[in-house]
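Trainee: My questions all concern the structure below.
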Amino acid sequence: MSDRSLKQTVSALIQQEGLPDAYAETVEKTILPLADRICALHDTEKRPIVVGIHGAQGTGKSTLTLFLREILLRHRNRPTANFSLDDIYLTRGEREALARRVHPLFKTRGVPGTHDVALGQQILHRLRSAGPGDSTPIPAFDKSRDDRVPREHWPVFGGRAEIILLEGWCLGARPEIDSALREPMNPLEANEDPDGVWRRYVNEQLKGEYQAFFGQIDCLVMLKAPSMECVLEWRRLQEQKLATKIRNAPEKGEHHGGAQDLRIMTDEEIGRFVMHYERVTRSCLAEMPGRADVLINVAEDHSLGLPQFRES
């Protein structure tokens, strides 16, 4: 990184995110080449583009997205917006209604069927078609309260986005063949979905509106975890970090009440929680590397490998 201002941006982000100083090397070897590839695609298409960033829990999607956004915005002169599938989860009330109507497991956020895909489509459309004076509120979700942030607190993006970074654990996932759904994947499916109603509904969602949504991705980036076991361990680490963040926060916040309102999971609850994601995660780990436009292997220590670009 010869650009002094770029180094300053990277250094500030590393400090802000509590990352090791060595992450600057990851930026230089992995993130900058990816940013340049995205810029080249934007130059070729001559229109706003959507970059999808897929990765199982704990692979570093949010961190990668943050660094890409700041580099593209500040140092490549590309108006860049970002949001996550997590930001468009159905509200807790909507998921509770879905749980009553279809299957109790839908009370838990995460799987296809628990997102407001129509809202995601609306956000993409507004970001791509906005005029210079327009503004687009970007949805936000408070995981500690397991509910969507009130609309008046959503961040706002001004003008048209030339690049939209869309990230999520099941982003770009494809449905399984129906016969693959017959046998339960884990104790959660065996004990709580013995008839396969929940997993079939999830798969049907992937066949339908999710495919239309994912079909708008111009470049699919996959952060590939080494194993499902790593995903479980990383998810535990994420929850520990969230708990620490909440403990260090003021007793009363602007967007939520006191600590009694917050929902932090135990290790046992995390194990059950990750079982909700296991089927789709394993399917993506098996089939997505062969079709992703950019493949980045993630090591057990969370370090990112060099980007592997698929030539069309």
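Trainee: Taking 32 Å as the cut-off for C-alpha to C-alpha distance, list the pairs among LYS29/LYS245; LYS46/LYS107; LYS29/LYS107; LYS7/LYS224 that go past it.
Mentor: LYS46/LYS107; LYS29/LYS107
Trainee: Give me a comma-separated list of calculated 3J(HN,Hα) values for region 214-230, in order, Karplus coefficients 6.51, -1.76, 1.60 applied at θ = phi - 60°, integers in Hz, x for any Gly or Pro.
Mentor: Values, residue by residue: 5, x, 8, 6, 8, 8, 9, 9, 10, 8, 9, 6, x, 6, 5, 5, 5 Hz.
Trainee: Say each of ALA243 and LYS143 gets a label point 7 Å from the Cα, pointing the same way as Cα to Cβ; how far apart are those two points in nm?
Mentor: With each label placed 7 Å out from Cα toward Cβ, I get 1.4 nm.
Trainee: I've got another one for you. Given the options PRO187, GLY172, ALA35, identify the residue whose Cα lies farthest towards the positive end of the charge dipole of the chain (+1 on Cβ of Lys, Arg; -1 on Cβ of Asp, Glu).
Mentor: Working it through, the farthest residue towards the positive pole turns out to be ALA35.
Trainee: Which whole-number value in Å³ per residue fits the convex hull of the alpha carbons of region 1-158?
Mentor: 139 Å³
Trainee: Restricting to the chain, what percent of DSSP beta bridges are antiparallel, rounded to 5?
Mentor: Working: 9 of 29 bridges.
Close to 30 percent.
Trainee: Is the shape of region 74-191 rounded, prolate or oblate, going by the alpha carbon gyration tensor and its root eigenvalues a ≥ b ≥ c, with a/c under 1.5 for rounded and a/b larger than b/c for prolate?
Mentor: In terms of gyration-tensor shape, prolate.
Trainee: Rg/Rh for region 51-116: what does it come to with C-alpha atoms and Rh from Kirkwood?
Mentor: Rg divided by Rh gives 1.14.
Trainee: Go ahead and set up a Gaussian network model of the chain, Cα springs under 10 Å, then flag whichever of ARG148, ARG247, ARG78 fluctuates most.
Mentor: Among ARG148, ARG247, ARG78, the largest mean-square fluctuation in the Gaussian network model of the chain belongs to ARG247.
Trainee: Another question, if that's okay. Under the rule of at least 5 residues apart or a separate chain, name every residue whose amide H is placed under 5 Å from the amide H of ILE49.
Mentor: ILE163, ILE164
Trainee: Would you kindly derive the ³J(HN,Hα) couplings of region 147-158 from the backbone phi angles with the Karplus curve 6.51 cos²θ - 1.76 cosθ + 1.60 (θ = phi - 60°), listing them in order in whole Hz, with x for Gly and Pro?
Mentor: 7, 5, 5, x, 3, 5, 9, 5, x, 10, 9, x
Quick note: the coordinates plus some simple rules give every number you see, no bench work behind them. In this text, all values refer to a predicted model and were calculated from it rather than measured experimentally. A quick note on method: Cβ atoms are made from the backbone with ideal geometry, for glycine too, and the neighbour counts reach across all protein chains shown.
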